[in-house]
1. Using beta carbons and a limit of 7 Å, which pairs, at least six apart or on different chains, have the first residue in the stretch 11-28 and at positive phi and at pLDDT 95 or above and the second one surrounded by fewer than 22 Cβ atoms within 10 Å (Cβ to Cβ) and assigned to a loop (DSSP other than H, G, I, E, B)?
2. Applying the selection to the stretch 55-67, what residues are out of contact with any strand residue (DSSP E or B) (no Cβ under 6 Å at 6 or more places or on another chain) and under 16 Å from residue 79 (Cβ atoms)?
3. Across the stretch 45-86, what is the total count of residues that are in contact with a helix residue (DSSP H, G or I) (Cβ under 7 Å, 6 or more places away or on another chain) and surrounded by fewer than 19 Cβ atoms within 10 Å (Cβ to Cβ)?
4. Criterion first (surrounded by fewer than 18 Cβ atoms within 10 Å (Cβ to Cβ), at pLDDT 95 or above, touching a strand residue (DSSP E or B) at 6+ places or on another chain (Cβ under 8 Å) and under 18 Å from residue 76 (Cα atoms)) does residue 6 satisfy it?
């Protein structure tokens, strides 16, 4: 499956329903404020040491607060052969606004 380098939160929901993995690259103190249920927390700085734990045969949706860190992580993953990695534009902030308004915003 050809994955675009970036998707919006509405598209992310569809991919999750189809079995995509959502990786949250925010810091633990940020994740304590709010997180998408079922997401896998791996702080951005720990992505390189966790590469072997990430599947290469399924879409990986990368999320942060607004999309900057996750865009860099997506580019890194793609450079390492994770062709199905994609950035979730707008991050958890857009998710809280458009998908789950019960999430705390910061």
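1. From residues that are at positive phi and at pLDDT 95 or above, the pairs are 19/58.
2. Within the stretch 55-67, just 56 meets the criteria.
3. Of all residues in the stretch 45-86, those in contact with a helix residue (DSSP H, G or I) (Cβ under 7 Å, 6 or more places away or on another chain) come to 47, 59-67, 69-70, 73, 76, 80, 85-86.
Then keep just the ones that are surrounded by fewer than 19 Cβ atoms within 10 Å (Cβ to Cβ); that gives 66, 76, 80.
Number satisfying all stated conditions: 3.
4. Details: surrounded by fewer than 18 Cβ atoms within 10 Å (Cβ to Cβ): yes; at pLDDT 95 or above: yes; touching a strand residue (DSSP E or B) at 6+ places or on another chain (Cβ under 8 Å): yes; under 18 Å from residue 76 (Cα atoms): yes.
Spelling it out, residue 6 is indeed surrounded by fewer than 18 Cβ atoms within 10 Å (Cβ to Cβ), at pLDDT 95 or above, touching a strand residue (DSSP E or B) at 6+ places or on another chain (Cβ under 8 Å) and under 18 Å from residue 76 (Cα atoms).
The values are calculated or read from the model by the stated rules, or taken from the named source; none is laboratory data. Note that this is a predicted model, so its numbers are computed, not measured. Please note: Cβ atoms are built from the backbone with ideal geometry, for glycine as well, and neighbour counts cover all protein chains shown.
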